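Just so it is clear, none of the values below were taken in a lab; they were calculated from the coordinates. It should be emphasised that the depicted structure is a prediction, and the values quoted were computed from it without experimental measurement. Cβ: placed from backbone, ideal geometry, glycine included. Neighbour counts: every protein chain shown.
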Amino acid sequence: MLDRQLTLDPQVALRPEPFGALAYHYGNRKLIFLKHPDVVRVVQYLDNNERAECTIADALTACDIAESRWPAFERALDALTESEVLHEREQVTAG
Amino acid sequence: MSVNKSPLVEQLKGGLEAPICLTWELTYACNLECVHCLSSSGHRDPRELTTAEAKAVLDDLHDLQVFYINIGGGEPMIRRDFFELVEYSISRRIGVKFSTNGAFIDAEKARRLAALDYLDIQISLDGADAVTNDAVRGTGSYDTAIRAMNHLRDANFGEFKISVVVTRHNVDQLDHFKELADEFGAQLRITRLRPSGRGADSWHDLHPTNAQQLQIYNWLLAHGDNVLTGDSFFHLNALGEEPLPGLNTCGAGRVVCLIDPVGDVYACPFVIHDEFKAGSVRDEGGFTHLWKQSELFAELREPQSAGACASCGSFDACQGGCMASKFFVGIPLDGPDPECVEGHGEAAMLAASSSRDSAPVPRPMMDHSKPARPTEPERVPVTVSRR
């Protein structure tokens with residue numbers, strides 16, 4: 001699952017807060033709490049990254065998240081996908 | 001198990017960079033005179049924010065990344081610049097949820113509303129039939145609301161909300177409200193009655209009885225996330241092991257606040273009183289400065305004393321209840337909620353009103369009620385000038 005390519009839904013706004021960030025989905029009106037600043041960093045990395053092939057593993061590595069914490073991050077990112085904050089990046093076929 | 005001890009709720013109590021839930025009463029003008037109106041609305045205040053001032057506030061809220069605002073009043077659609085402000089807000093990526101009695105939603109307005117993205121509508125209804133509703137909201141107000149709901153449905157607005165203040169007279173109608181909402185493809189929202197505004201006088205006759213509180217709690221547990229509550233019933237959590245859905249803590253000045261029609265900023269929509277006024281959006285620094293620097297909000301974000309409730313086993317569940325409800329019945333802010341499910345509210349209210357040294361029960365401020373009229377006069381086709 002770490003090879004998935006996720007990105008922030010364009011209808012979602014992320015607002016930094018002392019505990020992490022608040023995400024609001026303008027489409028389904030859901031308010032989501034990102035409860036750790038490291039999760040916020042990873043989400044922002046996934047979103048800002050221009051590389052179309054950036055995977056979850058790439059993002060976790062780039063954000064210096066220790067591998068022992070990866071399972072927890074996978075769960076967090078799964079939950080964010082479930083609530084439509086994140087979604088699979090559209091595959092752009094080359095050429 | 002207690003949801004209130006979660007680190008997240010503790011964080012929220014310390015305040016956020018910007019409000020999650022900001023209510024903005026656009027005008028004190030209203031075509032109705034509901035007996036429980038939390039803002040004692042009736043006639044317009046000449047000092048109300050101009051269109052330009054309101055847009056400047058929206059610019060501030062945009063910079064703060066406020067996701068959405070709850071617009072109310074009075075009746076917000078009475079403002080001539082209502083659509084201009086709503087459209088401006090949405091263009092600044094601030095979603096709008098607005099509360100209305102529906103009087104100004106005709107077929108054309110319904111289509112205009114349906115065309116807007118990021119707009120939610122709450123139609124206020126306090127009875128599942130005309131008799132129950134009109135006793136609180138005034139003659140004809142039930143039909144007015146239903147007419148507006150029909151227009152919204154015809155315009156394919158989608159899922160609007162029906163917003164009910166729960167009273168002892170409509171608590172038995174919760175299933176009917178749900179059926180009505182389902183019939184319209186709407187979502188039901190029920191909220192708690194507070195002794196605020198004109199409610200300070202009507203609350204004593206309207207608030208649910210103790211037995212009815214259990215009824216509300218059980219009904220909410222049965223309906224879960226399908227019914228919205230604005231997280232307003234957290235004082236009921238002491239009734240059982242299972243917490244109600246939602247944040248279950250008082251957000252006043254921490255995640256919630258109110259901007260009133262003249263630009264004054266209060267800790268929550270239910271405390272229009274100088275004691276809970278942080279300042280005005282017209283002050284130097286505007287709303288942003290107030291949210292981040294106001295002394296009142298800083299105090300509210302400090303850990304609060306459990307006071308008289310410290311020794312009660314239910315405090316973790318109910319958090320001492322609602323600040324506004326205590327204030328307007330004269331109970332100290334660290335005392336029990338007047339509707340405390342353990343029954344401590346009655347005694348506290350009695351103590352507040354009978355103690356010889358105690359200050360008089362605070363009265364709501366900013367009364368814009370229309371002048372009292374003799375018992376419902378016949379409607380005459382001329383406007384009699386009155387002060």
Point to revise | Cα point-scatterer Debye curve for region B:77-164, base-10 log of I(q)/I(0) at q = 0.11, 0.14, 0.15, 0.17 Å⁻¹ | key: -0.30, -0.48, -0.55, -0.69
Review point. When B:Ser354, B:Ser369, B:Ser39 are ordered from fewest to most other Cβ atoms inside 10 Å of their Cβ, what list results?
Key: B:Ser354, B:Ser369, B:Ser39
Review point. Under a Cβ-Cβ cut-off of 15 Å, what is the net charge of the residues other than B:His344 that fall near it, where Lys and Arg count +1 and Asp and Glu count -1?
Key: -4
Check your understanding: Considering the alpha-carbon set of the protein assembly as shown alone, what are its Rg and its Dmax in angstrom?
Key -> 23.5, 86
Review point. Do any trypsin sites (Lys or Arg not before Pro) in region B:1-74 lie in a loop, going by DSSP, with at most 16 other beta-carbon atoms within 10 Å of their beta carbon, and if so which?
Key: B:Arg47
Exercise for review: Within 10 Å of each residue's Cβ, count the other Cβ atoms and sort B:Cys37, B:Cys21 from fewest upward.
Suggested key: B:Cys21, B:Cys37
Exercise for review: Take the Cα gyration tensor of region B:172-235, multiply each eigenvalue by 5, square-root it, and list the three semi-axes largest first, rounded to whole angstrom.
Suggested key: 22, 14, 11
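For region A:6-85, what number results from the quotient of the Cα radius of gyration and 2.2 N^0.38 Å?
1.03
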Revision key, fill the gap. Distance in nm between B:Glu179 and A:Ala66 label points, each 7 Å along Cα→Cβ, equals 6.0
Review point. Which three semi-axes in whole Å describe the equivalent ellipsoid of region B:148-259, each the square root of 5 times a Cα gyration tensor eigenvalue, listed largest first?
Key: 24, 17, 16
Point to revise | Counting DSSP beta bridges with both ends in the protein assembly as shown, the antiparallel % (nearest 5) | key: 40
Point to revise | Contour minus Cα-Cα distance for B:Arg147 and B:Glu159 (0.36 nm per residue) | key: 2.7 nm
**Study point:** Fewest-first ranking of B:Met149, B:Met365, A:Met1, B:Met349, using other Cβ atoms within 10 Å as the exposure measure
**Key:** A:Met1, B:Met365, B:Met349, B:Met149
Practice item. Could you work out the per residue convex hull volume over the alpha carbons of chain B, in cubic angstrom? Key: 149
Exercise for review: Count charges around B:Ile90 for me, please; just the other residues with Cβ under 12 Å from its Cβ, Lys/Arg as +1, Asp/Glu as -1.
Suggested key: -1
Check your understanding: Per the helix-only calculation at 222 nm, which mean residue ellipticity applies to chain A, given -39500 (n - 2.57) for every DSSP H run of n ≥ 4 and division by its residues, nearest 500 deg cm²/dmol?
Key -> -10000 deg cm²/dmol
Exercise for review: For chain B, give the share of DSSP beta bridges that are antiparallel, in percent and rounded to the nearest 5; count only bridges with both residues there.
Suggested key: 15
**Study point:** Average beta carbon contacts from partner chains per residue of A:17-24, 10 Å cutoff
**Key:** 5
Check your understanding: With a sphere of radius 12 Å drawn around the Cβ of B:Leu290, what net charge do the other residues whose Cβ falls strictly inside it have (Lys, Arg +1; Asp, Glu -1)?
Key -> -2
